[in-house]
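A short worksheet on the structure shown next.
The values are calculated or read from the model by the stated rules, or taken from the named source; none is laboratory data. What you see is a predicted model, and the numbers here were worked out from it, not measured in a lab. Note that we place each Cβ from the backbone using ideal geometry, even for glycine, and neighbour counts take in every protein chain shown. The accessibility values were calculated without ligands, DNA or RNA, using every heavy atom of the protein model including side chains. Shrake-Rupley method; radii C 1.70, N 1.55, O 1.52, S 1.80 Å.
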Amino acid sequence: MDAGAIERVASFGLAVVLILALQGIIMGIMGLIAAFQGGGWGAGILGVVSIVIGFLLLGNMYAATLVLP
């Protein structure tokens, strides 16, 4: 495998982690909005957890990329 192929695989992994992080943050915000509109405690707790996981993925993008199968 040449260096170009390794770079393409690594950049694809980083893109996947970035998309998952942004999706987690956006879904978390939507969950918090639903909780404040009467959706209950469950939606709020899952919203906070999604936001935390999203920021953890953003903060550790390279480590998260290495964990991808």
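Residues being modelled with pLDDT of 95 or more and either over 20 Å from Thr65 (Cα atoms) or of a type in the set (S, T, N, Q) (or both): count how many of those fall in segment 9-25.
Matching residues across segment 9-25 total 1.
Counting only residues that are open to solvent by less than 50 Å² (accessible area, probe 1.4 Å) and under 23 Å from Pro69 (Cβ atoms), how many does segment 35-59 have? Break it down into steps so the answer makes sense when it comes.
In the first step, residues of segment 35-59 are kept if they are open to solvent by less than 50 Å² (accessible area, probe 1.4 Å); the result is 35, 40, 42-44, 47, 50-51, 54, 57.
Filter once more, keeping what is under 23 Å from Pro69 (Cβ atoms): 50, 54, 57.
Total meeting the criteria: 3.
Specify which of the listed residues (Leu66, Leu32) is touching a Gly at 6+ places or on another chain (Cβ under 9 Å), among the aliphatic types (A, V, I, L, M) and surrounded by fewer than 16 Cβ atoms within 10 Å (Cβ to Cβ). Let's see the steps before the verdict.
Values: Leu32 fails: surrounded by fewer than 16 Cβ atoms within 10 Å (Cβ to Cβ).
Unique residue meeting the criteria: Leu66.
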